[in-house]
Amino acid sequence: MPDTFYVGKKIKAIRREKNLTLKKLSWKSNVSTTQISEIERGLSSPTIGTLMKLISALGQDTSIFFENARSKKVSLVRKNERSLIVDKKNHIYMESLTNGIVDSLLKVIITRPQSGHENIPGGYQHAGEELIYVNKGEIQVELDRKTYVLKEGDSIHFRGEMCHSTKNIINDEAELLIVVITPHSH
């Protein structure tokens, strides 16, 4: 069974650690103070897009939800032990294949977007590099307003600072393997 974690509590802890008010985080993330407060108190679940905006504004990446308390040199993740981030509103989830190595530069995620789903409308940027591999389906990737169509077996590799988003363009669920390499943040 996947690890259970609390997105809101983690967001709140990092926000407080960085001495950010709700208002300041709202301004940095373009997410309303009301929505952030509801997420932090566990009253609502953020979409993946909202979550990405919040963790980016906090200077973090998705690994904050997948790290275990103790640092390891090896991370073996069995199929039934993957950590999940669930976006109930859009019926999408991300499974981490790289849990447990704190401060790892490598993040590998499987996501299964539903038909027509766009991961982050308007796009997203982060430090480092990203690779998207289409294991199943067909997607549209937008990189700095240029559109690429990827079919099953295709991949695209790009710098994370490019504004990017993906959209499932078939009438079925797609499956993507996403690899992100981030620089150390000190």
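Per-structure values
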quantity: Some residue of the range 33-49 being touching a helix residue (DSSP H, G or I) at 6+ places or on another chain (Cβ under 6 Å), within 19 Å of GLN125 (Cβ to Cβ) and either at pLDDT 85 or above or assigned to a helix (DSSP H, G or I) (or both); calculated: no
quantity: Total residues in the range 5-32, condition surrounded by fewer than 15 Cβ atoms within 10 Å (Cβ to Cβ), of a type outside the set (D, E, K, R) and not in a loop (DSSP other than H, G, I, E, B); calculated: 2
quantity: Among the residues listed as VAL134, VAL77, the single one being at pLDDT 80 or above, over 23 Å from ASN168 (Cβ atoms) and of a type outside the set (Phe, Trp, Tyr); calculated: VAL77
quantity: From ILE101, ILE120, residue being touching a strand residue (DSSP E or B) at 6+ places or on another chain (Cβ under 9 Å), closer than 23 Å to PRO183 by Cβ, at pLDDT below 85 and not in a strand (DSSP E or B); calculated: ILE120
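Residue-by-condition table, conditions (1) surrounded by 19 or more Cβ atoms within 10 Å (Cβ to Cβ); (2) within 13 Å of the chain's Cα centre (by Cα):
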residue: MET94; (1), (2): yes, yes
residue: THR111; (1), (2): yes, yes
residue: GLY123; (1), (2): no, yes
residue: GLU130; (1), (2): yes, yes
residue: LEU143; (1), (2): no, no
residue: THR147; (1), (2): no, no
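The values are calculated or read from the model by the stated rules, or taken from the named source; none is laboratory data. Note that the structure is predicted; figures quoted are calculated from it, not measured. Every residue, glycine as well, gets a Cβ built from its backbone with ideal geometry; the counts of neighbours run over all protein chains shown.
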